[in-house]
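Read-outs: derived from the displayed coordinates by stated rules, not from any lab. Computed from a predicted model, the values in this text were never measured in an experiment.
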Amino acid sequence: MLDQKALQRLYRYGFSLTRDEDAAYDLLQDALEISLRKAPDNTAAVMRYIQRIMRNRFIDQYRHDHRHPTVSFNDNDNQPVNIDPQVLEDIVIAEHEVESIMTMLEPLEHELLFFWAVEGYTAQEIADRIDSTRGTVLSRIHRLRQKILRYQASGEVGVKGGAE
């Protein structure tokens, strides 16, 4: 049905929505289970169908989490890595910039950013995937770019008090 490359694309899509590896795997697994019951015949339609399932499941979970917030007490994700200090500083600065920008975006803006910047879809392809018009997608991309540019211009992006 789906090859490894297609599954990786679906995982990346899930990760763009959730920003969490485990949640992306769970989202993909749920979507695959549902799609096995009633999936279209051709691969392109299957991909769109699974992405739609993932998107709908994510929105449902997002709404649930905002009604019933939970707190995680597990902090085992930080593993030490040996890297050149200058490279590490650049990585940390870039990571903080991306995290800072991503935290100000809404989940549906994450989805749009994923399709547009990561997957490289055209506005029409994005519109087809999210059941919208091309003009609406172009408008959302424009607003997203303007939002990111305003945020960067405000000076809130980056590491405060970095190395000199």
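Using θ = phi - 60° and the Karplus curve 6.51 cos²θ - 1.76 cosθ + 1.60, what whole-Hz ³J(HN,Hα) does each residue of region 131-141 get, with Gly and Pro shown as x?
These are the phi-based 3J(HN,Hα) values: 6, 9, 8, 4, x, 5, 5, 4, 5, 5, 4 Hz.
Ratio to report: Rg/Rh of region 1-57, with Cα atoms as the point set and Rh obtained by the Kirkwood method; give two decimals. Could you put the intermediate results ahead of the total?
Values: Rg = 10.3 Å, Rh = 11.0 Å.
That ratio is 0.93, to two decimals.
Residue-wise, which Karplus ³J(HN,Hα) couplings in Hz belong to region 45-57, taking 6.51 cos²θ - 1.76 cosθ + 1.60, θ = phi - 60°, and x for glycine or proline?
5, 5, 4, 4, 4, 5, 4, 5, 4, 4, 4, 5, 5
Can you list the HN-Hα couplings for region 21-33, worked out from phi with the Karplus curve (6.51, -1.76, 1.60; θ = phi - 60°), rounded to whole Hz and with x for Gly and Pro?
4, 5, 5, 5, 4, 4, 4, 5, 4, 4, 5, 5, 4
Can you work out the base-10 log of I(q)/I(0) for region 85-153 at q = 0.15, 0.28 1/Å, using the Debye formula on its C-alpha atoms alone?
Each listed q maps to, in turn, -0.55, -1.22.
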